[in-house]
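Here the structure comes first, spelled out in structure tokens, and everything after it is commentary.
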Amino acid sequence: MQRTGSEVVLFNLLCHIDPRWEITLVCMFPGELDEMLPKSVKQMFLYRNKPTRNFFNRIEHFVQRKYIVPSLLRKLSDSTWYINTIALDSILLAAEQLHVTCILHTYELEQMYAHLSPEKIRRIIEYPELIISNAEITTALLKTYGRKKDIANFYPTIDTRMIQRDVSAYQQKRTELGIEQGEFLWVMTGQCIFFGQNVQSC
């Protein structure tokens, strides 16, 4: 529960979900948004510490990954799992092994699939009961890989009224960067996990 895109979507969902649902949030590690969640949301962390290069830490992570995490996930096997990104392929694998009904929320484009094995892609496409897609291009990609049904488009809820346009500031930044005024410009900002490393982009 840091402030990455999929985690903020999950945070907003948990803050507005019908309180009649019994919710348990399962995270790999504690994060900065944990304390801001409604008290009705139970929380479970699969690992006590993030992995480091320290020898003892690596041994601890191995033991947790091999024995403790599977045990914790088995205790939740009578639930429906909402998995909030394809990056959690180990959780999707556990869902398949435990025959858990799951919903997968996808945001990722083709470059993320390029680093997945055929077996992981098969699991993403075939196993979830429902796939929630954040855009038509994401849906088209899932269909290209073979998903035939049960895809729901759910667009990010961005309040565009909060965006204040400042044309002079845009023009000034284009001039500073040497970008012509009529040239198409696509700006993205975010954070992603890439090859096991945190990569900041802006």
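Would you list Met112, Met1 from the most to the least accessible area, probe 1.4 Å?
Met112, Met1
What figure, in Å² to the nearest 10, do you get for the accessible area of Phe29 with a 1.4 Å probe and non-protein molecules left out?
Counting only protein heavy atoms, Phe29 exposes about 50 Å² to solvent.
Report the extension gain between Glu129 and Thr160 in nm, rounded to one decimal, defined as 0.36 nm multiplied by the number of residues separating them, less their alpha carbon distance.
8.0 nm
Quick check on the range 96-182: take the gyration tensor over C-alpha atoms, sort the square-rooted eigenvalues as a ≥ b ≥ c, and tell me if it's rounded (a/c under 1.5), prolate or oblate.
Taking the square roots of the gyration eigenvalues as a ≥ b ≥ c, the range 96-182 is prolate.
Calculate the dipole size of the range 73-186 relative to its Cα centre from +1 charges on Lys and Arg beta carbons and -1 charges on Asp and Glu beta carbons; express the result in debye to the nearest 20.
The dipole of the range 73-186 has a size of about 240 debye.
Using the Cα gyration tensor of the range 57-111, with a ≥ b ≥ c the square roots of its eigenvalues, what is the shape: rounded (a/c below 1.5), prolate (a/b larger than b/c) or oblate (neither)?
The shape class here is oblate.
In the chain, with Lys and Arg counted as +1 and Asp and Glu as -1 at Cβ, which of these residues, Leu141, Tyr170, Tyr127, has the Cα nearest the positive end of the dipole, that is, farthest along it?
It is Tyr127.
Taking every pair of distinct Cα atoms and averaging 1/r, then inverting, what Kirkwood hydrodynamic radius in Å comes out for the range 1-43?
In the range 1-43 this quantity evaluates to 10.6 Å.
Towards the positive end of the charge dipole of the chain, with charges on Cβ (+1 Lys, Arg; -1 Asp, Glu), say which of Ser117, Asn57, Phe154 has the farthest Cα.
Asn57
Please get the size of the charge dipole for the chain, origin at its Cα centre, with Cβ charges of +1 on Lys and Arg and -1 on Asp and Glu, quoted in debye to the nearest 20.
About 600 debye.
Among Leu104, Leu109, what's the order by accessible area (1.4 angstrom probe), most exposed first? Don't jump to the answer; show the numbers that get you there.
Working: Leu104 0, Leu109 65 Å².
Final ranking, largest accessible area leading: Leu109, Leu104.
Straight distance only, please: which aspartates and glutamates reach the Cα of Lys143 with their own Cα at less than 16 Å, same-chain residues fewer than 8 apart left out?
By straight Cα distance, Lys143 reaches Glu108, Glu110, Glu126, Glu129.
Listed here are the pairs Lys42/Lys120; Lys50/Lys75; Lys66/Lys148; which of them are more than 31 Å apart at the Cα?
Pairs exceeding the cut-off: Lys66/Lys148.
Compute, for the range 3-113, the length of the dipole vector about the Cα centre, with Cβ point charges of +1 (Lys, Arg) and -1 (Asp, Glu) only. Units Debye, rounded to 20.
Charge dipole of the range 3-113: 520 debye, to the nearest 20.
Report, to the nearest whole %, how much of the accessible area of the range 121-162 belongs to carbon and sulfur atoms, 1.4 Å probe, protein only.
That share works out to 57 percent.
The values are calculated or read from the model by the stated rules, or taken from the named source; none is laboratory data. Note that the coordinates shown come from a computational prediction; the quantities given were computed from them, not determined experimentally. Methodologically, a virtual Cβ is constructed for each residue, glycine included, from the backbone with ideal geometry; neighbour enumeration extends over all protein chains shown. When the accessible area is computed, the model is the full protein with side chains, heavy atoms only, and any ligands, DNA or RNA have been set aside. Shrake-Rupley method; radii C 1.70, N 1.55, O 1.52, S 1.80 Å.
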